[in-house]
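Data block below; observations after.
Nothing in this text is a laboratory measurement; each read-out follows from the coordinates by a stated rule. The model shown is predicted, which means the values in this text are computed figures rather than measured ones. Note that each Cβ is placed from the backbone with ideal geometry, even for glycine, and that neighbours are counted across all protein chains shown.
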Amino acid sequence: MKKITLIAMLALLLVPAVAFAQPPAGCTWDGDPAFIYGFGYLDGLDYNQPGPDFATIWKGYSITYELGPYNASDVWLPSTCKALDTLCFHATSSHGWALTCDPEMGLPQELDISYLWYQLITITAPCVGELPVGMMDTVIAICAYTNNLGVCDPSCGDCNDPNLRPSTGLYHYSADTLIITVVEAPIPLEVLQDTLTLVEQGQTAAYVPFAICNGDYCTPVTRIDYVITTTGHVPTTINNGYLEMLPGTCEDIYAVLNAGEAALCTYDTLQIVVWTGDPATYDTCVQVIHVVEAQEVPLFTVPVVTILVLALILAAAVFMRRRAAARA
């Protein structure tokens, strides 16, 4: 009898300590927090939960993820702490970058077992201070308990971590990690356009586009001035002025050419200069205009003739049916 008792005591000592874990003072463990969707799932990347996910960012830019904090149900393993509970979302940035959440961070969410909510988190790289290429920030998202005062409290720990989802064989943790690397920012001001535009002879209103792109993510709205000049071989209506542009957007502006009386093979050159004031940034591009022979557009192509013939056949068939019905 003593031998059996000794073996039983040794077996109890070998049971993992987590089995005896108790919530810290001021906390209760009724439900079981986990992420059913982590950083690597609803953002369109391959599913990668648990484990870190990776992203890139630059000064002033924001990235947004949608996660799925979850109250792991009684079919998930381990099988303790499977009841309705009030959980919350918490996140940290290793460099203190701005984190914007919807619902707001720390808001209590009452969840029954097997329920989740969709949590948006937006991380923004600061515009102030040094942000060297290659610098890394670590964002840790936590599905946490609220304490006995109803306050979101990640220090309350987790009843079961990780949780095994039997249907997939994957482990899910109550925290997920995103590692963000700073990369070179886009060009703050850029003009995009074709190097050569063909204008048909006789065309009186040929619109030649220039796309102006604002890559300055540290200014909410940027005033961008532009001037278009021409060598004057083809009469041109110049659209000089300015744009109020949001960061990360592009907008088309146009010069209008009148080739109504232009000689065949005439060349012209349009040049655009765009700039912002503070700090001074500019870009310029040249677009060559070539007047070419107008191309005739055939009215009756093979597909058009085929469709007309089929339409006539169908109309004739309907007419003949109606006449046959009338005679009957």
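The protection proxy used here, the mean number of other Cβ atoms lying within 10 Å of each residue, ranks peptides 194-200, 281-287 as follows, highest first: 281-287, 194-200. Note on the range 21-182: dipole from Cβ charges, positive end direction compared against I36, A72, P52; the farthest Cα belongs to P52. Taken one residue at a time, the phi angles of the range 144-157 give Karplus couplings (6.51, -1.76, 1.60, θ = phi - 60°) of 10, 7, 8, 7, 5, 8, x, 9, 4, 9, x, 5, 5, x Hz. Gly and Pro are set to x.
Defining a contact as two alpha carbons under 8 Å apart and six or more residues distant in sequence, what relative contact order in percent does the range 51-159 show?
Details: 199 pairs, mean separation 37.6, N = 109.
It rounds to 34 percent for the range 51-159.
For V151 and R223, what is the calculated FRET efficiency with R₀ set at 51 Å and r taken between the beta-carbons, to the nearest 0.05? Using R0 = 51 Å, I get an efficiency of 0.65. With N counted as the residues of the range 189-292, its alpha-carbon radius of gyration over 2.2 N^0.38 Å works out to 1.15.
The Rg/Rh ratio of the range 21-182, with Rg taken over Cα atoms and Rh as the Kirkwood radius over Cα pairs, comes to 0.99. For the range 57-68, putting each phi into the Karplus relation 6.51 cos²θ - 1.76 cosθ + 1.60 with θ = phi - 60° gives couplings of 7, 9, 4, x, 7, 10, 10, 10, 10, 10, 10, x Hz, in residue order, rounded to whole numbers and with x for Gly and Pro. With both labels modelled 7 Å from their Cα along Cα-to-Cβ, the T181 to E244 distance reads 3.9 nm.
The GluC sites (Glu not before Pro) found in the range 91-163 that occupy coil by DSSP, while having at most 12 further C-beta atoms within 10 Å, are E104, E130.
Relative to the Cα centre, the charge distribution of the range 21-182, modelled as +1 at Lys and Arg Cβ and -1 at Asp and Glu Cβ, gives a dipole magnitude of about 220 debye.
Using 0.36 nm per residue and subtracting the Cα-Cα separation, the extra length available between Y115 and H233 on full extension is 35.5 nm.
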